[in-house]
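Enquirer: Pasting a structure here, questions to come.
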Amino acid sequence: MPDAEIPADEAQRLATLKALGILDSAPEHRFDRLTRIAAHLLDVPIALISLVDENRQWFKSHFGYEVCETPRTISFCAHALDRRSVLTIPDATLDARFADNPLVTGEPGIRFYMGVPLCGPGGHVLGTLCVIDRKPRHMSQDEVQVLQDLAEVVEDELGRQELRTVSAQLHHSSQRLTSVIQASPLAIITCNMEQRVDVWNPSAERFFGRSADDVVGRALVDISPALSHKLHELSQRVGQGDTVRDERFDITVDDGTNRHLNLSVAPLMSESGAQVGFTAVIADVTERERLLMQTEYEHQLLNAVLSNVDAGVAACDESGRLTVFNRTARDYIGEPVREGAEKWAEVYQVYDATGQRLLSPEELPLYRALNGETVENEEFLVRPEGKPERVLSANGSTYGRSDAQQRGAVVVFHDITARKELERNLKYQATHDLLTGLPNRGALMEILSGAIARAERSGEAVALLFLDLDGFKGVNDTHGHLVGDEVLRLFSRRLKDAVRTSDTVARLSGDEFVIIAEQLKNASADALRIAEKVLNANSTPLPVAGGLMLKTSIGVALHRGHCGAETLLTRADAAMYSAKQQGGSQVFIDALNV
């Protein structure tokens, strides 16, 4: 069973068939009467109006056959789509095209078939009006003419179907256009060449404060002289076929309110192509312009604040591109970089709070904020090229919703360099003697406790040397306190120069000094060597008041893990007094701790 050939105009034919909107529609008397007449006049049991789409033949009317459709592959009518003449098959069992067709070998048992092609709009064959018999037969020329005449009636009905479809589409389009005009937030107005209004939508009523009933049919100049004048002004350009867009004009409405409008005008044309009027579309931009002015004002205000605030402000978008970098930020770390976040730390030389380690991009406050972290009082250090080193404190967070297009992060950072310096100075003053710069008693006890703990772990000895300047009170009495202070400063320098770098020199008070010596292998001998170096360092006159010569007494207490810092200091103090009793410039070692 060979397939029917596909017509050359298949695409156009199918488009025409679908455009009619008739496929799968309900039965209609105007078509059913024609199949009924055809069956009676030609004395056949079956008459069909068959329309063939991509995959089937569908029967708009079927007399004597209860099936509504069959596959196109077995359709007799499909063989008539590429011809204009009647297709007649006297005996299908003798025709090689149809002998094994299921419609021949099975129900309805077709033997005779005659189909007249049905042309739709554009002359495309959409299907057939066909008659079928279950026995072979021949039709006379008069009978063929009857079927052709009836086919012309079917085509007339299909033509009326096209008109109905087009009319319904036009009605639907008109309804949609009317709905759009009525629902539009834009004022839509149409008028003739004399500017008499025939369309005035609800938005026009709101814009101008006049109802459509009051306006339609009247001259536009009586409704809005300003709009009428503007339309006259644009009429020459519109008359040349142009559409004028977004012409700005201002009006004062009946309540005295000034409105800013954008006007677009297009020519209204007749079927012959002549201009018969105008279509005006008006947007009220009063509120938009107010918001734009407010936004511009707020933008200028923000820029002024950012330019004058004593804090650096930096912001970036979702991609890591810097979008805000105010004057203070530039003063602190330089110009904004155009590269992404991976370059920030390197370009601006951003270090951790200690200044020892260059931060990675992921550790930067702005980068962390961009990734959703709330940054609070984060301290870091910057060493930008050509600018002073600064310690900064940053606070930051993201801005914008996660589903918003405008999203990013912002940080605000303050220069806390002076504060950190003050904190360092205060800490230094709390732990150091201001005259000599040596650790004071408080720092000494902390250092000594640490040294004792380390000695207990290592098993090595710690020596505490207690020093006192012999006759220092006489210096103050004879030469004054300024000379006495200079003597103490010079003596402290001699002590620091005489001991090892690992040893600690501290001033307790007045003319009392101590030395903490750690990691002693032979406790007494090592401590004695240190003490003798101190005595030798102080064996020459001090370069003050003509060369003062002062002796020092040194008491040594050794620790091997069985006393605390205070006890060790007390024993060293006692040992120093023993050295004084021996005549000064002597060393006395407390043997209890040996």
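The values are calculated or read from the model by the stated rules, or taken from the named source; none is laboratory data. Quick caveat, the model's predicted, so the values are computed rather than measured. Cβ coordinates were reconstructed from backbone atoms using ideal geometry, including for glycine residues, and neighbour counts include every protein chain displayed. The protein model used for the area step is the full one, side chains on, heavy atoms only, and it has no ligands, DNA or RNA in it. Shrake-Rupley method; radii C 1.70, N 1.55, O 1.52, S 1.80 Å.
Enquirer: When residues of the stretch 408-433 are filtered for being part of a loop (DSSP other than H, G, I, E, B) and either surrounded by fewer than 13 Cβ atoms within 10 Å (Cβ to Cβ) or not acidic (Asp, Glu) (or both), how many remain? Before you say what the answer is, go through the steps one by one.
Expert: Taking the stretch 408-433 as the starting set, the residues that turn out to be part of a loop (DSSP other than H, G, I, E, B) are 416, 433.
Among the residues that remain, those that are also either surrounded by fewer than 13 Cβ atoms within 10 Å (Cβ to Cβ) or not acidic (Asp, Glu) (or both) are: 416.
Of the residues in that region, 1 qualify.
Enquirer: Please verify whether VAL313 is surrounded by 11 or more Cβ atoms within 10 Å (Cβ to Cβ), in a strand (DSSP E or B) and not basic (Lys, Arg), treating the condition exactly as stated. First the steps, then the outcome.
Expert: On the way: surrounded by 11 or more Cβ atoms within 10 Å (Cβ to Cβ): yes; in a strand (DSSP E or B): yes; not basic (Lys, Arg): yes.
In short, yes.
Enquirer: Right, next: Confirm whether THR93 is crowded, with 21+ Cβ neighbours inside 10 Å and modelled with pLDDT of 90 or more. Before the answer, list the steps.
Expert: On the way: crowded, with 21+ Cβ neighbours inside 10 Å: no; modelled with pLDDT of 90 or more: yes.
Judged against the criteria, THR93 is not a match.
Enquirer: Cβ-Cβ below 6 Å, separation at least six or inter-chain, first residue in the stretch 569-594 and within 21 Å of ARG441 (Cβ to Cβ) and acidic (Asp, Glu), second modelled with pLDDT of 90 or more and not in a helix (DSSP H, G or I): which pairs?
Expert: ASP573/PHE466; ASP590/ALA557
Enquirer: For the stretch 118-134, enumerate the residues that are under 19 Å from SER61 (Cβ atoms) and not in a strand (DSSP E or B).
Expert: GLY120 - this is the single residue of the stretch 118-134 that is under 19 Å from SER61 (Cβ atoms) and not in a strand (DSSP E or B).
Enquirer: Restricting the stretch 316-337 to residues that are part of a strand (DSSP E or B) and of a type in the set (A, V, I, L, M, F, W, C), which is surrounded by the fewest Cβ atoms within 10 Å (Cβ to Cβ)? Give the steps one after another, and end with the answer.
Expert: Applying the first criterion (part of a strand (DSSP E or B)) to the stretch 316-337 yields 316-317, 322-325.
Now drop any that are not of a type in the set (A, V, I, L, M, F, W, C), which leaves 316, 322, 324-325.
Values: CYS316: 23, LEU322: 19, VAL324: 17, PHE325: 19.
Ranking the qualifying residues of the stretch 316-337, first place goes to VAL324.
Enquirer: Another one. Between residues in the stretch 177-200 that are touching a residue at least 24 places away in the same chain (Cβ under 8 Å) and farther than 24 Å from GLN236 by Cβ and residues that are among the basic types (Lys, Arg) and open to solvent by 70 Å² or more (accessible area, probe 1.4 Å), which pairs lie under 8 Å by C-beta distance while being six or more apart or on different chains?
Expert: none
Enquirer: Right, something else. Taking the stretch 456-497, which residues are among the charged types (D, E, K, R), under 27 Å from GLU566 (Cβ atoms) and either open to solvent by less than 60 Å² (accessible area, probe 1.4 Å) or not in a helix (DSSP H, G or I) (or both)?
Expert: Just the residues of the stretch 456-497 that are among the charged types (D, E, K, R), to begin with: 456-457, 460, 468, 470, 473, 477, 485-486, 489, 493-494, 496-497.
Checking the rest, the ones that are also under 27 Å from GLU566 (Cβ atoms) come to 456-457, 460, 468, 470, 473, 496.
Selection gives GLU460, ASP468, ASP470.
Enquirer: Also, I was wondering about something else. Just give me the residues in the stretch 354-385 being part of a loop (DSSP other than H, G, I, E, B) and under 28 Å from the mean Cα position of the chain (by Cα), in sequence order. Spell out how you get there, then give the answer.
Expert: Just the residues of the stretch 354-385 that are part of a loop (DSSP other than H, G, I, E, B), to begin with: 354-357, 359-360, 364, 371-374, 383-385.
LEU359, SER360, LEU364, ASN371, GLY372, GLU373, THR374 - these are the residues of the stretch 354-385 that are part of a loop (DSSP other than H, G, I, E, B) and under 28 Å from the mean Cα position of the chain (by Cα).
Enquirer: If you take the residues in the stretch 434-455 that are open to solvent by 50 Å² or more (accessible area, probe 1.4 Å) and either in contact (Cβ under 8 Å) with a residue 60 or more places away in the chain or assigned to a loop (DSSP other than H, G, I, E, B) (or both), which one is nearest to LYS580 (Cα to Cα)?
Expert: Only one residue tops the list, namely ARG441.
Enquirer: Tell me, which residue of the stretch 338-359 that is β-branched (Val, Ile, Thr) and over 22 Å from GLY372 (Cα atoms) is surrounded by the most Cβ atoms within 10 Å (Cβ to Cβ)? Spell out the reasoning first.
Expert: First, pick out the residues of the stretch 338-359 that are β-branched (Val, Ile, Thr): 347, 350, 354.
Filter once more, so that each one left must be over 22 Å from GLY372 (Cα atoms): 347, 354.
On the way: VAL347: 15, THR354: 9.
Residue satisfying both the conditions and the ranking: VAL347.
Enquirer: Taking the residues in the stretch 207-252 that are of a type in the set (Ser, Thr, Tyr) and within 44 Å of the chain's Cα centre (by Cα) as candidates, determine which candidate is modelled with the highest pLDDT.
Expert: Let us first name the residues in the stretch 207-252 that are of a type in the set (Ser, Thr, Tyr), namely 211, 224, 228, 235, 243, 252.
Subset that is within 44 Å of the chain's Cα centre (by Cα): 243, 252.
On the way: THR243: 77, THR252: 73.
For the stretch 207-252, the residue satisfying everything is THR243.
Enquirer: Are any of the residues in the stretch 548-560 farther than 18 Å from GLY471 by Cα, in a helix (DSSP H, G or I) and in contact (Cβ under 8 Å) with a residue 12 or more places away in the chain? Lay out the reasoning, then the answer.
Expert: Step one: list which residues in the stretch 548-560 are farther than 18 Å from GLY471 by Cα, which gives 556-560.
Pick out the ones that are also in a helix (DSSP H, G or I) and you get none.
So far as the stretch 548-560 goes, no, none of its residues is farther than 18 Å from GLY471 by Cα, in a helix (DSSP H, G or I) and in contact (Cβ under 8 Å) with a residue 12 or more places away in the chain.
Enquirer: Among ALA38, ALA80, ALA92, ALA4, which is in contact with a Ser or Thr (Cβ under 6 Å, 6 or more places away or on another chain) and within 26 Å of ARG134 (Cβ to Cβ)? Talk me through it step by step, then tell me what you get.
Expert: Working: ALA38 fails: in contact with a Ser or Thr (Cβ under 6 Å, 6 or more places away or on another chain); ALA92 fails: in contact with a Ser or Thr (Cβ under 6 Å, 6 or more places away or on another chain); ALA4 fails: in contact with a Ser or Thr (Cβ under 6 Å, 6 or more places away or on another chain).
None of the others qualify; the one that does is ALA80.
Condition check ((1) open to solvent by 30 Å² or more (accessible area, probe 1.4 Å); (2) within 24 Å of PRO136 (Cβ to Cβ); (3) touching a residue at least 40 places away in the same chain (Cβ under 8 Å); (4) not in a helix (DSSP H, G or I)) across all residues:
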{"residue": "ILE49", "(1), (2), (3), (4)": "no, yes, yes, yes"}
{"residue": "PHE59", "(1), (2), (3), (4)": "no, yes, no, yes"}
{"residue": "GLU66", "(1), (2), (3), (4)": "yes, yes, no, yes"}
{"residue": "THR70", "(1), (2), (3), (4)": "no, yes, no, yes"}
{"residue": "THR88", "(1), (2), (3), (4)": "yes, yes, yes, yes"}
{"residue": "VAL104", "(1), (2), (3), (4)": "no, yes, no, no"}
{"residue": "PRO108", "(1), (2), (3), (4)": "no, yes, yes, yes"}
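Enquirer: Would you check which residues across the stretch 152-167 are out of contact with any helix residue (DSSP H, G or I) (no Cβ under 8 Å at 6 or more places or on another chain) and modelled with pLDDT of 90 or more and list them?
Expert: Correct list: GLU152 only.
To keep it simple, each residue is scored yes or no on (1) under 16 Å from HIS260 (Cα atoms); (2) hydroxyl-bearing (Ser, Thr, Tyr); (3) modelled with pLDDT of 75 or more.
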position	(1), (2), (3)
ILE282	yes, no, yes
THR286	yes, yes, yes
THR295	no, yes, no
LEU301	no, no, no
LEU306	no, no, yes
ASP310	no, no, yes
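Enquirer: Got at least one residue in the stretch 519-541 being open to solvent by 10 Å² or more (accessible area, probe 1.4 Å), touching a strand residue (DSSP E or B) at 6+ places or on another chain (Cβ under 6 Å) and among the acidic types (Asp, Glu)?
Expert: Checked against the condition, which is being open to solvent by 10 Å² or more (accessible area, probe 1.4 Å), touching a strand residue (DSSP E or B) at 6+ places or on another chain (Cβ under 6 Å) and among the acidic types (Asp, Glu), the stretch 519-541 yields at least one hit.
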